[in-house]
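Input: a single structure, listed below in C-alpha cells.
The values are calculated or read from the model by the stated rules, or taken from the named source; none is laboratory data. Remember, predicted model here, so these are calculated numbers, not experimental data. Every residue, glycine as well, gets a Cβ built from its backbone with ideal geometry; the counts of neighbours run over all protein chains shown.
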Amino acid sequence: MVVETQERKEVPKTVHVSVPHRAQPAGTVLLRVFRYNPNTKDEPTMVTFRVPVTKGMTVLDALLWAKEHVDPGLALRYSCRMGICGSCGMMINGEPKLGCETQIAELGAATVEVGPLPNYPIVRDVATDFTDFFSHHRRIKPYLIHKDNGGLKPVEREVLQTEEQKLGYYQFTMCIMCGLCDAACPIVAMDQEFLGPQALAQAYRFAADSRDEGWPERAAIADSPHGCFRCELAGSCSAVCPKGVDPALGVQLLKREVLRRRFRIGGFLVKAPARRQRSRL
C-alpha cells in the first residue's frame, strides 16, 4: 500500500526544540524531522532540533542524538550504521539516501530536512512499512533453483561456474535491499502492484546465473502485467542506489531475456558491466 500523496502535500506546522546552550558546541545544524503517527488524528508535523555537529557526523547520528537528548519518542529504523544492512533509508533534503552514509558536512546546508521514504506506508515518523517490498522480493524466488532437487534440498553434486559467467550478474548481488530504488521509482508511486526495480533486477540476477534452472517459474512473474514491461526506464532507481548497482539496466536486460526466450531467439545473456562509482553526495 502506498501512502496517500495528498497527505504529503500538506504544509505541516513547525515546532522548534532545543537543548540548553551549555550542551551545544559552536558548530550546530538545524535538523527538521517529519513527525507523524497514522494511528492518531494528529496532522503531520515538522519538528526542528538544533544538533551539535561533530566531525564525521552522519544524518543518522544526528537523529540518534535528538532521540537521546531531546525526544525519546522519535521513531526511525537502523541497525549496522555502516551502509550494509540497508535499514536506515530516508528522505534527506528531498533525496532518498541512507542516513548512516550521508554526512552532515557533505550536505553543505545549515538545515537538514529528514522524512520517510515515499511509496511506502508510514509506520511512524521516519520509519516506513516494507511489507509489500519484501513480498515482491519473495515472489521472484530469490534463490537458486536446480532440476536435480527442485530447489528443495541441497544439491548433491557441485555446480561449477566460471569467472566470466559470474560477471554476467555479479553487480546485482550487491543489492542490500534498502528500498531507495523503489522509493525513487515513479511507476511504483502509481502502481501498487508493480514489482519494482529491486525485485525485477534480482529476477534478472538469477536468470543470468548459469547455475539456476528456475526460469519458467520467474518468467510468469516477470512477464506479468505488473512485471518488467511496466517499467518506463526513468532511471531514477539507479541514480539513488547507494551501492552503485544499476537496477534500471537489470530490468532492461530482463525484458530482453523474456522476449528472447518467448520467441526462442538464440544468443547469449548480456554481461552486465561492473558497478558504477558511487558518489558520496
Can you tell me which residue in the stretch 41-72 is surrounded by the fewest Cβ atoms within 10 Å (Cβ to Cβ), limited to those that are hydroxyl-bearing (Ser, Thr, Tyr) and under 18 Å from Gly115 (Cβ atoms)? Thr45
One residue from Gly108, Gly115, Gly89 being in contact with a strand residue (DSSP E or B) (Cβ under 8 Å, 6 or more places away or on another chain) and either surrounded by fewer than 19 Cβ atoms within 10 Å (Cβ to Cβ) or over 17 Å from Met177 (Cβ atoms) (or both): Gly115
Being under 30 Å from Asp129 (Cα atoms), among the aliphatic types (A, V, I, L, M) and modelled with pLDDT of 95 or more, is that true of even one residue in the stretch 253-272? yes
Residue match in the stretch 118-128 (condition: modelled with pLDDT of 95 or more, under 28 Å from Glu95 (Cβ atoms), surrounded by fewer than 17 Cβ atoms within 10 Å (Cβ to Cβ) and among the small types (Gly, Ala, Ser)): no
Going by the structure shown, is Glu95 closer than 20 Å to Pro121 by Cα and acidic (Asp, Glu)? yes
Matching residues, the stretch 160-190, being aliphatic (A, V, I, L, M), part of a loop (DSSP other than H, G, I, E, B), under 24 Å from Tyr78 (Cα atoms) and touching a Lys or Arg at 6+ places or on another chain (Cβ under 9 Å): Ile176
